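S.K.: Take a look at the following structure, please.
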Amino acid sequence: GADGADAVLLVDHSTVHLSGIHVRSNTRMRGVSVRDAVISLQDCTVVGNRIVSGNGAGMKCRGSSVRIQKSTIAGNVIDGGDEIAGAGLSFDACEIEIAGSNVQTNAGYAARRARGGGIWCEVSRMRMWKSRVTDNILAAPDCAGAGIYVRASLRCDLGGSVISGNDQSTGRGGGICIDGDPMRVAVHRNTVVRQNYPD
């Protein structure tokens, strides 16, 4: 659908702090759309949202500062279109902090190319710790990063987290796929990356 207009919650050029909120469209539209804004989620759930093409069924964020704490992004689906990315979370030119959160059971299905079942992170700075990116799925002729896909990262730090059980039909980097300078992505030793397919 149209960008933003089809979201349960649209945050544009503003600052929003959400606590204990449940964002669910019952598979009718995107959960959250964030543009040029500051948003923080604490003890929130973004579940059961769906779009038929594009990026970010759970949350789509552009040019924004995003903080996700003790929250769950789950069961969000993109099921159609030629190319899709970030079924759970999609970040473009953002500053991101994810702590103590779960990104799980999100799924992306595309006719040609699918990227980032759990998280798509492009030209952004992301710090994630004590979080889980698990059981996300991609299905397309060309897949990458069923768990996390990082493209042209400014800086990405993954610490104390579990990235497992992510699965894709083809391609590379079932758990994490890095497109760009790998030196800008740090996966700390206390992060577990296992049982992803393909590993």
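S.K.: Of all residues being part of a strand (DSSP E or B) and touching a helix residue (DSSP H, G or I) at 6+ places or on another chain (Cβ under 7 Å) in the range 153-163, which is surrounded by the most Cβ atoms within 10 Å (Cβ to Cβ)? Just the residue, please. Steps first, please.
M.R.: Restricting attention to the range 153-163, the residues satisfying the condition of being part of a strand (DSSP E or B) are 155-159, 162-163.
Then keep just the ones that are touching a helix residue (DSSP H, G or I) at 6+ places or on another chain (Cβ under 7 Å); that gives 155-156.
Numbers: ARG155: 12, CYS156: 22.
Step by step, filter the range 153-163, then rank; the result is CYS156.
S.K.: Could you check the range 57-111 and list, in sequence order, the residues that are over 17 Å from ALA146 (Cα atoms), open to solvent by less than 10 Å² (accessible area, probe 1.4 Å) and either among the charged types (D, E, K, R) or not in a strand (DSSP E or B) (or both)?
M.R.: SER64, SER71, CYS94, SER101
S.K.: Ok, one more. Working only within the range 156-185, note down all residues that are of a type outside the set (Val, Ile, Thr) and in contact with a Cys (Cβ under 7 Å, 6 or more places away or on another chain).
M.R.: The first filter runs over the range 156-185 and keeps only residues of a type outside the set (Val, Ile, Thr), leaving 156-161, 164-169, 171-175, 177, 179-184.
Within the range 156-185, CYS156, GLN168, SER169, GLY171, ARG184 meet the criteria.
S.K.: Let me ask something else about it. Out of the range 174-193, which residues are more than 12 Å from MET128 (Cβ to Cβ) and open to solvent by less than 20 Å² (accessible area, probe 1.4 Å)?
M.R.: The answer is GLY174, GLY175, CYS177.
S.K.: Then there's this: Out of ARG62, ARG112, ARG50, ARG132, which single residue is closer than 21 Å to VAL193 by Cα and of a type in the set (Lys, Arg)? Full working, then the answer.
M.R.: Working: ARG62 fails: closer than 21 Å to VAL193 by Cα; ARG112 fails: closer than 21 Å to VAL193 by Cα; ARG50 fails: closer than 21 Å to VAL193 by Cα.
None of the others qualify; the one that does is ARG132.
S.K.: Give the residues of the range 125-152 that are hydrophobic (A, V, I, L, M, F, W, C) and assigned to a loop (DSSP other than H, G, I, E, B), sorted by residue number.
M.R.: Matches in the range 125-152: ALA140, ALA146, ALA152.
S.K.: So, one more: Cβ-Cβ under 9 Å, sequence separation 6+ or interchain: first residue in the range 164-190 and free of Cβ contacts under 8 Å to residues at least 60 places away in the same chain and in a strand (DSSP E or B), partner open to solvent by less than 50 Å² (accessible area, probe 1.4 Å) and among the hydroxyl-bearing types (Ser, Thr, Tyr). Which pairs?
M.R.: Here the result reads SER164/THR134; ILE176/TYR149; ILE178/TYR149; ILE178/SER153; ASP179/TYR149; ASP179/SER153; VAL185/SER153; VAL187/SER161, each pair linking the range 164-190 to a residue that is open to solvent by less than 50 Å² (accessible area, probe 1.4 Å) and among the hydroxyl-bearing types (Ser, Thr, Tyr).
S.K.: Given the structure, is ALA85 hydrophobic (A, V, I, L, M, F, W, C), touching a Phe, Trp or Tyr at 6+ places or on another chain (Cβ under 7 Å) and over 18 Å from SER25 (Cβ atoms)? Full working, then the answer.
M.R.: Values: hydrophobic (A, V, I, L, M, F, W, C): yes; touching a Phe, Trp or Tyr at 6+ places or on another chain (Cβ under 7 Å): yes; over 18 Å from SER25 (Cβ atoms): yes.
Here the answer is yes, as ALA85 does meet what is asked.
S.K.: What are the residues in the range 79-133 that are in contact (Cβ under 8 Å) with a residue 60 or more places away in the chain and charged (D, E, K, R), if any?
M.R.: Matches in the range 79-133: ARG115 only.
The values are calculated or read from the model by the stated rules, or taken from the named source; none is laboratory data. Note that this is a predicted model, so its numbers are computed, not measured. When we count neighbours, we look across all protein chains shown, and the Cβ atoms used for this are built from the backbone with ideal geometry, even at glycine. Ligands, DNA and RNA are excluded from the accessible area calculation, which covers all protein heavy atoms including side chains. Shrake-Rupley method; radii C 1.70, N 1.55, O 1.52, S 1.80 Å.
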